[in-house]
Amino acid sequence: DKGTYPYYMLKEIDEQPNVMRKLSAEYLDEAGHPKLDADLVDAIKGSDRIYIVGAGTSYHAGLVGKMQLEKLTGIPAEVHVASEFAYEDPLLSEKPFFIFLSQSGETADSRQVLVNVNKQKLPSLTITNVANSTLSRESTFTLLLQAGPEISVASTKAYTAQIALEAILAKAVGEAKENQAALDFDLKGQLAVVAQGMQSIVDEKNEINQIAEDYFVDANQAFYIGRGIDYTVSIEAALKLKEISYVHAEGFASGELKHGTIALIEPGTPVIGIITQAGTAGLTRSNLEETAARGAKTLSIVKKSLARPEDTFVIPDVDELLTPLLSVIPAQLLAYYTSLNKGLNVDLPRNLAKSVTVE
Ligand code: F6R
């Protein structure tokens, strides 16, 4: 039931602070240590490479998970688009461990990879929102997102829940390996900061609605740019905008612009820089300025400690491995209000279904 909300998507965006609190309560103990199945933690600890598989938004959450897992466990991880990986006949490491990310647990592309994995009797984990879903039943282990049903076709709270749960998993395996970064990571404290930060962003709906009207409703194209973890959010942000507002949007690694893409910038093209990582903030800022010099209308989503007075959205400071949980929120709301202001059916965009059960 969407209650007083005009669309499920807005309700689901608003639920994200609570989903963060729920995941923290469910999977972290009083002292902040993960409470996960010891067999699952051991299986990942004993692997020499983690293969993360997903489609669409779940793939984008996997890109963040790779960074979290590598940083906190020291185990190399790679991320694959399910529909590609299923038919690649990949060269695997000696002791691979597979992680499937799927909100619905029913995505046929992801399942096809799992079928191959099971044929080879390799261990796997499904991270899903739906207990007893196909992927959950067929994989060795399951972790539930606990996000409550996600009805809107555009995925929002499942993306942030996947990222938070991947961080919990990475900390669990890292602690088991006595990795110092994992032991030092105050994930419980940081998830509380995230929940509060999400709330402060969703409370700014009116401003975000205005920006959607001013910049996006009449745009034929828009670009998100960023580096590293911010790049992964930029492709998720662009997907959200295109799928529900039909504005042609792309996310780019900001350093790649000058290698071709910048030719697309026209006077008035909105370009949004995502800037949350201290090491690359200056570089992305210059790339954003280069687009402004060619007529782009630039906007920015910037972490507080890196912010300047001219920035559009200033998001609270949080650990660099968790910034997507906050930087994606303005992008979700921009997509929502662009679609709404264009008079579209936000929850049921054309040509799309919530769960994609064909390959
Ligand atoms: C985008 C979106 C899709 C899904 C994708 C995978 O907003 O919802 O890209 O993320 O179809 O679905 P699941 O996670 O159910 O496997």
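The values are calculated or read from the model by the stated rules, or taken from the named source; none is laboratory data. This one's a predicted model, so the numbers in the text were calculated from it and none came from an experiment. With ideal geometry, Cβ positions are generated from the backbone for all residues, glycine too; neighbour counts draw on all protein chains shown. Surface accessibility is based on the protein's heavy atoms, side chains included, excluding ligands, DNA and RNA. Shrake-Rupley method; radii C 1.70, N 1.55, O 1.52, S 1.80 Å.
Things worth noting here:
- Sulfur and carbon atoms: percent of accessible area, the stretch 253-359 [1.4 Å]: 53 percent
- Normalised by 2.2 N^0.38 Å, where N is the number of residues, the alpha-carbon radius of gyration of the stretch 229-299 equals 1.05.
- Protein accessible area in the stretch 141-183, 1.4 Å probe - carbon and sulfur %: 55 percent
- Peptides ranked, highest mean first, by Cβ atoms within 10 Å: ranges 47-60, 285-298, 344-357: 47-60, 285-298, 344-357
- Its alpha carbons give the stretch 187-228 an Rg and a Dmax of 14.7, 42 Å.
- Solvent-accessible area per residue in the stretch 162-318 equals 39 Å², computed with a 1.4 angstrom probe and all protein chains kept.
- Per residue accessible area of the stretch 57-132, 1.4 Å probe, in Å²: 41 Å²
- Normalised by the number of residues in the chain, the average gap of Cα pairs under 8 Å and 6 or more apart makes the relative contact order 20 percent.
- Per the Kirkwood formula applied to alpha carbons, the stretch 136-279 shows a radius of gyration over Rh ratio, Rg over Rh, of 1.02.
- Descending semi-axes in Å of the chain, equivalent ellipsoid built from Cα gyration tensor: 32, 22, 21
- Averaged over residues, the count of other Cβ atoms within 10 Å places the peptides 94-105, 143-154, 110-121, 177-188 in the sequence 94-105, 143-154, 110-121, 177-188, highest first.
- Pairwise Cα separations in the stretch 1-125 fall into 5 Å bins from 0 onward with the following percentages, short to long: 2, 9, 16, 19, 19, 14, 9, 7, 3, 1, 0.
- For the stretch 8-82: relative contact order, % (alpha-carbon pairs under 8 angstrom, 6 or more apart): 25 percent
- Of Thr107, Ala222, Phe313, farthest towards positive along the dipole that unit charges on Lys, Arg, Asp, Glu beta carbons give the chain: Thr107
- Label-reachable residues, the stretch 226-270, where backbone N falls under 13 Å from a point 7 Å from Asn345's Cα toward its Cβ: none
- Cα gyration tensor, the stretch 220-344 - rounded (a/c under 1.5), prolate or oblate: oblate
- The packing ranking, built from the mean of other Cβ atoms within 10 Å per residue, places the peptides 320-328, 275-283 in the order 320-328, 275-283, highest first.
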